Amino acid sequence: MSELLTTARIEEIGSLGAGSPDPAALVTELVSAVDEGRVADPAETGYALLVAADILEQAGDLADALALATRAVAEQPDDNTFVRAVRGGLLLRLGRVDEGLAELGDLRPLLETDPDAVQLVQELAESGHAETAVDWLTQALDTMVSRSRTHQHESEDAQDAAAAMIYGLAQRRHDLREEMGLPHDEYDNLADRLRDATSHAADALDDGPATLLFWPRPEFEALLARWPALAESYPATWDEHRAQIERALVDASGLGGGDLGIVAGSVEGLAAFAGADAIDEETLDEYADSLDDAGVTSWPPSRNDACWCGSGTKYKKCCLPRSRA
Ligand SMILES: [Zn+2]
Ligand SMILES: [Zn+2]
């Protein structure tokens with residue numbers, strides 16, 4: 001038991017999950033690798049612990065899941081909004097309501113600035129606190145909308161960022177209230193208007209939906225082998241490539257982009273498209289546009305759907321948490 005725990009193996013374990021014949025062995029495999037410093041990419045330590053926590057949670061062992069989520073938070077002292085939200089959700093599901101609300105409450109101011117903070121709303125909604133989730137969203141919107149109306153932002157960039165957050169929160173609140181069977185209120189109408197405006201704006205750009213070109217793992221390697229100069233346009237590893245795409249889509253959705261999606265490229269397809277032309281970033285953009293009709297995978301998938309990257313793992317255990325780590 002001295003081999004390294006690779007990222008691919010963490011994902012594989014995530015997809016086997018609680019449905020495997022021996023989930024406890026999978027948890028042990030993950031945790032012992034963390035304990036013994038055998039995680040191949042140390043930046044994925046928190047992710048390994050989150051996958052282990054999720055398996056335990058599905059198996060009904062909330063207390064041990066919480067212990068691992070707590071370790072994951074400690075492993076990731078910065079930029080850990082997502083992990084802390086998961087931990088807060090576990091506390092709520094364990095009936096430790098005061099502590100859970102305190103953990104999520106600490107993150108609450110981030111609703112105004114950090115797109116990842118929407119996860120805390122998710123955790124509230126999934127643990128029987130949907131009304132609290134709506135309240136928090138309402139108050140965050142109240143603050144942000146009044147700040148916008150009175151032009152209290154320091155810069156145009158800050159104004160744009162606030163508008164993007166307002167868009168995201170209003171949509172989440174709209175959908176949550178719809179699930180609760182509540183009638184439209186003023187913010188729900190605002191959410192509808194913003195959504196319409198966004199899709200009109202996207203139409204007007206005549207670019208159609210915003211789609212990003214993604215290379216499945218074998219294609220990514222073949223691409224760089226065939227056109228080594230493209231190494232300047234892409235990150236060094238396929239893992240970084242997919243994380244970059246996920247982050248770009250998160251950013252685009254925060255900016256109010258509608259109809260986001262991914263098209264998968266193939267080396268053969270690109271070669272046929274480009275013919276004798278040299279392949280540069282412009283060629284890649286044109287090639288991506290040419291694929292639009294062939295089949296765009298819309299983004300984001302549901303949390304429980306297979307991840308868009310083709311790993312075979314559920315989205316919520318694959319690119320969703322990894323790109324936010
Ligand atoms: Zn509506
Ligand atoms: Zn993925």
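Some notes on this structure:
- Here the contact order of the chain, divided by its residue count and restricted to Cα pairs under 8 Å and six or more residues apart, works out to 16 percent.
- Between the C-alpha center of region 64-102 and that of region 2-57 there is a gap of 18 Å.
- Once both labels are positioned 7 Å from their Cα atoms along Cα-to-Cβ, the gap between D35 and L4 label points is 2.2 nm.
- The listed residues R84, R96, once ranked by accessible area (1.4 Å probe) with the largest placed first, stand as R96, R84.
- Anisotropy class of the chain from Cα gyration tensor, a/c 1.5 cut: oblate
- Taking amide H positions as modeled 1.01 Å from N, with prolines and chain starts lacking one, the residues under 5 Å from W215 and 5 or more places away or on another chain are G265.
- Remark: spin-label model distance T28-E286 equals 5.8 nm, labels positioned 7 Å along the Cα→Cβ axis.
- Within-10-Å neighbourhood charge of W238 [Cβ basis; K, R +1; D, E -1]: -2
- Kirkwood Rh in Å, taken over all unlike Cα pairs in region 210-299: 13.5
The values are calculated or read from the model by the stated rules, or taken from the named source; none is laboratory data. Everything quoted here is computed from the prediction, not taken from an experiment. All Cβ positions, glycine included, derive from the backbone under ideal geometry; neighbour counts span all protein chains shown. Please note that ligands, DNA and RNA were not included when accessible areas were found on the heavy atoms of the full protein model with its side chains. Shrake-Rupley method; radii C 1.70, N 1.55, O 1.52, S 1.80 Å.
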